[in-house]
Amino acid sequence: MAGWQAPPAFDEFVRTRHADLLRFAHVLCGDRYLAGDLVQDALERTGLAWRRVLRQDDPEGYVRRAILNAFLNSRRARRREHLVDAVPEVGRADREPRDEQLWQQLAALPRQQRAVLVLRYYLDFSEAQIADQLGCSVGTVKSTAARAMTKLRRSLSPSTVDGGTR
Amino acid sequence: MTLDELLRETLTDERRALPGWPDATDRVHAGVIRRRRRRVRLAGAGAAAAVALLVGVPALLVHAPSSALPPTRPARPAPSGPVVPFVHQPGVVPSPADALPRPIGQPCTAADLPPTATVVNTDPRRWVIALHIVGDRTCTLSGYPDLSVQDTAGRPVTMQYPNPLLAPPGYSPATADPGQVIEVQLDNLGSCDTGFSRQTPPLGLTFTLLAGDARIAVTGPFWPAACRPIVLSQWFRPWPGRGSETILADAGLTASIAAPDTIRAGEQLDYVVTLTNPGDRPVALQPCPVFRQEFDEVQELLALNCGQAPGAIPAHGSVRFAMVIPGQTFLGKTGPLDLRWQIEEAGGPSAGATAQVTVTR
């Protein structure tokens with residue numbers, strides 16, 4: 001089989017954007033190893049379809065969507081997602097306890113709910129943009145976000161969060 | 001701190017960043033090459049299986065009694081006619097609020113209006129003519145249009161219009177955004193004050209609407225007896241549930257899907273949707289219908305490629321549209337998956353179809 005010649009623009013994209021994509025995948029799935037797998041997988045698929053991806057004018061959006069879809073659909077992600085009583089990072093001195101509590105509760109949310117929150121609060125997407133990314137209606141985004149927020153509010157201690165959220 | 005603020009702070013915390021890969025391009029290259037090898041191996045295996053089938057099955061058929069033949073799937077109807085190519089353009093489900101009365105804007109000019117307009121219904125007593133705003137701004141058409149009618153010799157034919165008693169099914173003045181529709185209604189309720197008779201061939205007349213500096217030729221199925229006098233409505237934006245914009249909702253269109261039985265995971269799924277109009281009137285594809293395509297749990301809301309489609313689905317006719325679902329949308333899924341396609345309108349989903357496609361590794 002003939003070898004694969006990576007287009008220079010693709011190499012440049014991988015070099016400059018993979019760290020941000022890793023971070024996005026990390027906040028999305030809450031697992032640094034799974035995040036690496038998701039990004040690797042998405043970049044490989046993007047490399048194979050690079051010309052088509054370029055035609056869509058938003059390679060990063062394409063990879064992000066691939067990461068999101070793989071996270072929402074993959075069984076591997078489901079297998080790796082296991083809740084523990086205490087997350088390993090919790091012992092680090094520079095972590096604020098309320099952050100860790102919330103991080104842990106985010107990991108316990110269903111993946112669709114977590115994805116909506118990440119798109120909303122990490123990428124600052126509007127509800128319409130989230131609906132477009134997830135391929136659902138704005139109403140579904142709103143109800144999913146509301147369910148996630150209710151669940152988080154219930155599970156977080158009152159001292160961690162004020163009542164006055166949207 | 002509110003939960004909103006806490007979420008934003010937690011998710012954007014720099015400490016969530018992961019260290020980049022020192023060998024990022026190398027590891028991605030290696031992965032891509034691995035995938036390509038796997039594809040080639042799979043393709044080779046598929047080709048071998050196909051050869052085995054080609055050689056083996058006919059031999060089996062020659063020797064097997066006819067009663068032992070395996071059941072076969074009914075053949076799909078052979079595709080016919082051109083297929084409108086797929087364009088990935090996100091769609092927005094129209095809102096009934098789109099048709100609410102709006103403030104009067106800048107008057108529409110020739111740059112905002114199309115050179116031709118179409119009769120979007122064939123009621124023998126009434127025409128509804130739809131103009132689509134082709135400019136890139138919102139504009140308003142107020143009052144009554146001027147109508148110029150000429151016979152085959154180019155002589156003007158005097159018509160009795162307008163008629164203030166003809167109340168249009170919409171809001172006047174008509175303010176519309178680019179791509180939206182402004183309509184005018186022509187009825188044959190008045191009395192004829194011209195010299196031409198009921199036997200005048202309808203195709204012998206040329207109808208031109210005048211709106212400001214725009215001259216808009218009217219095309220479409222004309223009345224069988226065009227001698228009848230014409231009365232005009234004011235320009236209007238159709239009410240929700242009325243007018244050419246919602247003809248689609250009332251048209252009873254049906255949809256069918258022609259899709260491959262099997263596809264490999266990660267491969268693009270190409271299929272064709274046929275929209276059929278069972279009615280006696282053409283169905284305008286304006287505003288451009290929005291559809292939802294779903295493959296397993298993934299949904300996309302897109303607009304039909306109306307730019308390359310005919311303006312309407314003819315009575316008892318069909319239009320075929322190519323559809324594409326990128327392989328990325330069903331990563332990791334195998335087995336039979338449901339493919340759903342559905343037109344989405346302000347009043348909810350309408351014409352739709354489903355099929356099952358098996359995804360293999």
| Within the bounds of the stretch B:33-45, is there any residue that is away from every other protein chain (no Cβ under 14 Å) and at pLDDT below 70? | yes
| query | Residues of the stretch A:106-145 being within 18 Å of A:ALA35 (Cα to Cα), within 11 Å of chain B (Cβ to nearest Cβ) and among the polar types (S, T, N, Q), which ones? | reply | A:GLN112
| note | Counting only residues in the stretch B:238-259 that are open to solvent by less than 10 Å² (accessible area, probe 1.4 Å) and outside any loop (DSSP other than H, G, I, E, B), the one modelled with the highest pLDDT is identified as B:PRO238
| query | Would a scan of the stretch B:284-302 turn up a residue that is open to solvent by 50 Å² or more (accessible area, probe 1.4 Å), outside any loop (DSSP other than H, G, I, E, B) and not hydrophobic (A, V, I, L, M, F, W, C)? | reply | no
| said: Show the residue pairs meeting these rules: Cβ distance below 7 Å; 6+ apart or different chains; first residue within the stretch B:2-24 and closer than 14 Å to A:TRP103 by Cβ; second residue assigned to a loop (DSSP other than H, G, I, E, B). | reply: B:LEU3/A:VAL161; B:LEU3/A:THR165; B:LEU6/A:VAL161; B:LEU11/A:TYR122; B:THR12/A:TYR122
| Qualifying residues in the stretch A:31-60 (those that are within 28 Å of A:GLN105 (Cα to Cα) and modelled with pLDDT under 85) - the one surrounded by the most Cβ atoms within 10 Å (Cβ to Cβ) | A:LEU34
| note | Of the candidates A:ARG154, A:ARG166, A:ARG147, the one satisfying the condition of being surrounded by fewer than 16 Cβ atoms within 10 Å (Cβ to Cβ), at pLDDT below 90 and in a helix (DSSP H, G or I) is A:ARG154
| From the list A:ARG23, A:ARG52, which one is part of a helix (DSSP H, G or I) and more than 7 Å from every other protein chain (Cβ to nearest Cβ)? | A:ARG52
| Does B:LEU7 meet the test of being modelled with pLDDT under 85 and either small (Gly, Ala, Ser) or out of contact with any Lys or Arg (no Cβ under 6 Å at 6 or more places or on another chain) (or both)? | no
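This table checks each residue for (1) at pLDDT below 75; (2) closer than 26 Å to A:VAL53 by Cβ.
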| position | (1), (2) |
| --- | --- |
| B:VAL290 | no, yes |
| B:GLN328 | yes, yes |
| B:PRO336 | no, no |
| B:GLN342 | no, no |
| Going through the stretch A:61-73 one residue at a time, which ones are more than 9 Å from every other protein chain (Cβ to nearest Cβ) and surrounded by 19 or more Cβ atoms within 10 Å (Cβ to Cβ)? | A:VAL63, A:ARG64, A:ILE67, A:LEU68, A:PHE71
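The values are calculated or read from the model by the stated rules, or taken from the named source; none is laboratory data. The structure presented is a predicted model; accordingly, all values stated were derived computationally and were not measured. All Cβ positions, even for glycine, are placed from backbone atoms using ideal geometry, and neighbour counts span all protein chains on display. The accessibility values were calculated without ligands, DNA or RNA, using every heavy atom of the protein model including side chains. Shrake-Rupley method; radii C 1.70, N 1.55, O 1.52, S 1.80 Å.
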